[in-house]
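Student: To start, I am sharing the structure in question, which I have written as structure tokens.
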Amino acid sequence: ADRIRVSRASSGPGRKRFFERPFVSSYAVPGFVRMRWTSFDFEKLLEGQRAAREPWLEFLRVPSLRAGLYVLAPGAWDHQTLHQEDEVYYVVSGRATFEAGQDRREAIPGALIYVAARQEHRFTDIVEELRLLVFFSTSPH
């Protein structure tokens, strides 16, 4: 199987990790993976996130999209800052509260949460380990 590059953090030197995944080449953009499709095993992503001892594991970066796994322990503080990209969260498991501005919503398994670029937001009151799939649009606003 070929290897694709994935980073376990969005910035910082030496923060690259490799997962073996099949892919089919389609296009070439410097700094991005060449592919038409790929698939990921959620349990293996979770193992990689745990081994990295970081809450964020970015596992896909292509010209128009970034995707990652974000895991927060019960009682953890969500240290997010404003993003320059739209994003979508999918709550895989866990239970917490999602806050955006003055609004608060329950974050429970199966919830899909959209957040516009530059919207202040965070997860609070994390009572069960929160596992989130996160998708960022990389199109400029």
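The values are calculated or read from the model by the stated rules, or taken from the named source; none is laboratory data. As the structure is a computational prediction, the values presented were derived from the model and not from experiment. Counting neighbours? That spans all protein chains shown, and the Cβs are built from the backbone with ideal geometry, glycine included. Note: areas computed on protein heavy atoms with side chains; ligands, DNA, RNA excluded. Shrake-Rupley method; radii C 1.70, N 1.55, O 1.52, S 1.80 Å.
Student: Every residue in the stretch 38-82 that is open to solvent by 50 Å² or more (accessible area, probe 1.4 Å), in a strand (DSSP E or B) and of a type in the set (A, V, I, L, M, F, W, C), please.
Tutor: Leu65 - this is the single residue of the stretch 38-82 that is open to solvent by 50 Å² or more (accessible area, probe 1.4 Å), in a strand (DSSP E or B) and of a type in the set (A, V, I, L, M, F, W, C).
Student: While we're looking at this one, here's another question. Among Glu99, Glu85, which is the only one that is surrounded by fewer than 18 Cβ atoms within 10 Å (Cβ to Cβ) and not in a strand (DSSP E or B)?
Tutor: On inspection, the qualifying residue turns out to be Glu85.
Student: Right, another one. Would you check if Val91 is in contact with a strand residue (DSSP E or B) (Cβ under 8 Å, 6 or more places away or on another chain), among the hydrophobic types (A, V, I, L, M, F, W, C), surrounded by fewer than 18 Cβ atoms within 10 Å (Cβ to Cβ) and part of a strand (DSSP E or B)?
Tutor: No.
Student: Against the definition (modelled with pLDDT of 95 or more and either among the hydrophobic types (A, V, I, L, M, F, W, C) or surrounded by 12 or more Cβ atoms within 10 Å (Cβ to Cβ) (or both)), how does Thr138 come out, yes or no?
Tutor: no
Student: Could you count how many residues in the stretch 102-120 are under 15 Å from Arg131 (Cβ atoms), open to solvent by 50 Å² or more (accessible area, probe 1.4 Å) and part of a loop (DSSP other than H, G, I, E, B)?
Tutor: Going through the stretch 102-120 one residue at a time, the tally reaches 2.
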